[in-house]
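J.: Pasting a structure here, questions to come.
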Amino acid sequence: MTVANYTGLNTDPSLSLYHLYDPDILAYPYPLYHRLQDEDPVHWDPFLNAWVVTKYSDVLFVLQNFSAKCAPCPERLIQMGADSIKPIADVMVLQMLFMDPPDHTRLRGVCAGMFKPRLLERLREHIQDIVNDLLRPRLAAGSMDILGDFANRLPAIVTAELMGVPPEDHEQLKLWSADFAEILGNFQHNPDRDAKMLKSLQEMIAYFRNALEEHRARPRQDVITALLNAGIYGVHLDDAVIIANCILVMVGGQETTPNLIGNGMLSLLKNPGELEKLRSEPPLIPTAMEELLRYEAPSQHTTRLAPHDVELRGRRIGKEQSVIAVMGSANRDPEQFSQPDRLDITRSGNKHLAFGGGPHFCFGAPLARLEAHIAFETLLRCAPEMALAPIPLQWRPNLGLRGLTALPVSFAATAPNHSLGPGIENSANAAKWSGIQSIA
Ligand code: HEM
């Protein structure tokens, strides 16, 4: 690995974000973030060949002003010895996440319309039904893996419905998403995983190409139809762009919301006083959810390029140098949040950056909030006396997308016929997961 030598910079190796590859640091990265904030808030990381910003105001500045065109180009892949994953990079450059205005603005506008809070609110009861169906057998058993049995599956089903693909495919969609997320979340590619990831990508592309044909024959009210109809708004999108962005929306919907639910329940279980407060006062859930997003952000960092030479805190960032904006650190900045390492479910003025900021602010945020609100409310109401299973927890080896591999818990079991209310139907039948078309 080449280590750039910029004289006068604090290149203390112990400050490198590379240490997130150490499972103990990944499990609790906040001391590393605090050191960066205190010792070198605009840090040149020679191991990652990038600047790392960790203070709230700098992270927000970078998100608002820097370029998102940082999908690896073929030359960069060759330089990294990663040219084998070129087909993945070819898809990434077509995704809105890696575009700047005006291309970004047009493409985002086409998709984001499907995620407006007013439209999504109509899905509340339907999502409650899905939650009830997933939880019912586990609540009767008195134990579950919150992620495997529930939190991974709920967003996979809902995202499939909103996109317009069969919700019964959610398990396959989730497996593909996890493979793609490995590339999005990590600093380095793992050659041992190339073959698996490339196979997943080819399968996803074929799957969405087929879905496009079906939607052309039978248009519906969903994300795929919106992308196919973009021409109405004067935006021409070819099939490769539509497919790349279907993959992005699918991954965005599936690789983050489970971690809000999983990380959030873990944080509550580790802070029993806050858990009890929330259980006895459910109207606090929206405020608590924002705190859980701040406290253990499901998306910890993202990368941008400097649009021109920029001076930040006395450091000169050169044009087109990479900058890693660490939202997980900004959310723990004591200059922005008092006692940032304390979980306080009543915290006010909580302007966390868990959904990013600036032009790429997550447009799935209203959906994530809706799904997680229903999930937290139902779990707290129907699974009393919840306790963590006495086994060590493991964090997913994904440096950017922060979540556990599993979250096994036990609780007081409920009778199998216990009413979970207040959904539309209450029958345990996956076939009704196609309810969104009639509601939208
Ligand atoms: C708790 C759940 C979620 C979190 C923490 C989250 C986080 C984020 C963040 C931090 C970004 C900005 C990334 C950047 O600036 O580089 C983003 C963008 C995005 N998210 Fe989410 N997200 C969540 C849920 C969702 C959902 C449910 C969807 C869709 C179904 C979604 C789709 C997207 C898309 C498509 C973008 C790119 C937007 C753009 O480039 O303009 N996300 N998300």
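J.: If I ask for residues that are surrounded by fewer than 16 Cβ atoms within 10 Å (Cβ to Cβ) and in contact (Cβ under 8 Å) with a residue 40 or more places away in the chain, which ones from the stretch 101-110 would you list?
T.: Residues of the stretch 101-110 that are surrounded by fewer than 16 Cβ atoms within 10 Å (Cβ to Cβ), as a first pass: 101-103, 105, 109.
Scanning the stretch 101-110 gives Pro101, Thr105, Gly109.
J.: Kindly provide the set of residues from the stretch 181-204 that are over 20 Å from Phe115 (Cβ atoms) and within 20 Å of the chain's Cα centre (by Cα), ordered by number. Outline the logic, then answer.
T.: First, the residues of the stretch 181-204 that are over 20 Å from Phe115 (Cβ atoms): 182-183, 185-204.
Within the stretch 181-204, Glu182, Ile183, Gly185, Asn186, Phe187, Gln188, His189, Met197, Ser200, Leu201, Met204 meet the criteria.
J.: Then there's this: Consider Arg124 against the criteria (1) touching a residue at least 40 places away in the same chain (Cβ under 8 Å); (2) within 16 Å of the ligand (Cβ to nearest atom); (3) surrounded by 21 or more Cβ atoms within 10 Å (Cβ to Cβ): it satisfies all of them except one. Which criterion is unmet?
T.: Arg124 satisfies all of (1) touching a residue at least 40 places away in the same chain (Cβ under 8 Å); (2) within 16 Å of the ligand (Cβ to nearest atom); (3) surrounded by 21 or more Cβ atoms within 10 Å (Cβ to Cβ) except (3).
J.: Another question, then. Restricting attention to the stretch 350-399, report how many residues are over 16 Å from Leu292 (Cβ atoms), aromatic (Phe, Trp, Tyr) and either at pLDDT below 95 or within 13 Å of the ligand (Cβ to nearest atom) (or both).
T.: Total meeting the criteria: 2.
J.: Looking at the stretch 344-359 only, could you name the residues that are surrounded by 20 or more Cβ atoms within 10 Å (Cβ to Cβ) and in contact with a Lys or Arg (Cβ under 8 Å, 6 or more places away or on another chain)?
T.: Ile345, His352, Ala354
J.: Criterion first (over 21 Å from Lys55 (Cβ atoms) and within 16 Å of the ligand (Cβ to nearest atom)) does Glu320 satisfy it?
T.: Details: over 21 Å from Lys55 (Cβ atoms): yes; within 16 Å of the ligand (Cβ to nearest atom): no.
Spelling it out, it is not the case that Glu320 is over 21 Å from Lys55 (Cβ atoms) and within 16 Å of the ligand (Cβ to nearest atom).
J.: Kindly provide the set of residues from the stretch 294-337 that are among the hydroxyl-bearing types (Ser, Thr, Tyr) and not in a helix (DSSP H, G or I), ordered by number.
T.: Narrowing the stretch 294-337 to residues among the hydroxyl-bearing types (Ser, Thr, Tyr): 295, 299, 302-303, 322, 329.
Of everything in the stretch 294-337, those that are among the hydroxyl-bearing types (Ser, Thr, Tyr) and not in a helix (DSSP H, G or I) turn out to be Ser299, Thr302, Thr303, Ser322.
J.: From the list Ala140, Ala160, Ala181, pick out the single residue that is farther than 26 Å from Tyr18 by Cα, modelled with pLDDT under 95 and in a helix (DSSP H, G or I).
T.: On the way: Ala160 fails: modelled with pLDDT under 95; Ala181 fails: farther than 26 Å from Tyr18 by Cα.
Every option except Ala140 fails the conditions.
J.: Condition check: in a helix (DSSP H, G or I) and within 29 Å of His373 (Cβ to Cβ). Does Leu284 satisfy that? So that I can check it myself, show each step before the final result.
T.: On the way: in a helix (DSSP H, G or I): yes; within 29 Å of His373 (Cβ to Cβ): yes.
It is true that Leu284 is in a helix (DSSP H, G or I) and within 29 Å of His373 (Cβ to Cβ).
J.: Would you check which residues across the stretch 98-121 are outside any helix (DSSP H, G or I) and either closer than 13 Å to Ala244 by Cβ or away from the ligand (no atom under 11 Å from the Cβ) (or both) and list them?
T.: If we filter the stretch 98-121 for residues that are outside any helix (DSSP H, G or I), which is where we start, we get 99-102, 116.
Residues satisfying the conditions are Met99, Pro102, Lys116.
J.: Something else about it: For the stretch 163-178, which residues satisfy the criterion of being assigned to a helix (DSSP H, G or I) and over 18 Å from Ala368 (Cα atoms)?
T.: First pass over the stretch 163-178, keeping only residues assigned to a helix (DSSP H, G or I): 163, 167-178.
Of everything in the stretch 163-178, those that are assigned to a helix (DSSP H, G or I) and over 18 Å from Ala368 (Cα atoms) turn out to be Glu168, Asp169, Glu171, Gln172, Leu175, Trp176.
J.: Oh, and also: Step by step: first the residues of the stretch 237-280, then only those that are outside any helix (DSSP H, G or I) and crowded, with 22+ Cβ neighbours inside 10 Å, then the one that is farthest from the ligand (Cβ to nearest atom). Which residue is that? Break it down into steps so the answer makes sense when it comes.
T.: Our first condition is that a residue be outside any helix (DSSP H, G or I); within the stretch 237-280, this holds for 237-238, 255-256, 271.
Subset that is crowded, with 22+ Cβ neighbours inside 10 Å: 255-256.
Working: Glu255: 8, Thr256: 3 Å.
Within the stretch 237-280, the match that is farthest from the ligand (Cβ to nearest atom) is Glu255.
J.: Check whether at least one residue in the stretch 21-39 is surrounded by 14 or more Cβ atoms within 10 Å (Cβ to Cβ), more than 30 Å from Ala112 (Cα to Cα) and modelled with pLDDT under 95, and report yes or no.
T.: Within the stretch 21-39 (the criterion being surrounded by 14 or more Cβ atoms within 10 Å (Cβ to Cβ), more than 30 Å from Ala112 (Cα to Cα) and modelled with pLDDT under 95), the answer is yes, since at least one residue qualifies.
J.: Output the number of the condition that Pro366 fails; it satisfies all remaining conditions of (1) part of a helix (DSSP H, G or I); (2) under 17 Å from Gly262 (Cα atoms).
T.: (2)
J.: So, one more: Could you please let me know if Asp58 is under 13 Å from Ser329 (Cα atoms) and not in a loop (DSSP other than H, G, I, E, B)? Break it down into steps so the answer makes sense when it comes.
T.: Working: under 13 Å from Ser329 (Cα atoms): yes; not in a loop (DSSP other than H, G, I, E, B): yes.
So Asp58 passes the test.
J.: Take the stretch 400-420 and flag every residue that is over 25 Å from Leu120 (Cα atoms), touching a residue at least 60 places away in the same chain (Cβ under 8 Å), away from the ligand (no atom under 16 Å from the Cβ) and of a type outside the set (Ser, Thr, Tyr).
T.: Once the filter is applied, which keeps residues that are over 25 Å from Leu120 (Cα atoms), touching a residue at least 60 places away in the same chain (Cβ under 8 Å), away from the ligand (no atom under 16 Å from the Cβ) and of a type outside the set (Ser, Thr, Tyr), the stretch 400-420 yields Ala406, Pro408, Val409, Phe411, Ala412, Ala413, Ala415, Pro416, His418.
J.: If you scan the stretch 54-97, which residues turn out to be charged (D, E, K, R), within 16 Å of the ligand (Cβ to nearest atom) and within 30 Å of Glu39 (Cβ to Cβ)? Steps first, answer last, please.
T.: Going residue by residue through the stretch 54-97, those that are charged (D, E, K, R) are 55, 58, 69, 75-76, 83, 86, 90.
Keeping just the survivors that are within 16 Å of the ligand (Cβ to nearest atom) gives 58, 69.
The one that is charged (D, E, K, R), within 16 Å of the ligand (Cβ to nearest atom) and within 30 Å of Glu39 (Cβ to Cβ): Asp58.
The values are calculated or read from the model by the stated rules, or taken from the named source; none is laboratory data. Keep in mind that this is a model prediction, so the values were computed, not measured. Note that we place each Cβ from the backbone using ideal geometry, even for glycine, and neighbour counts take in every protein chain shown.
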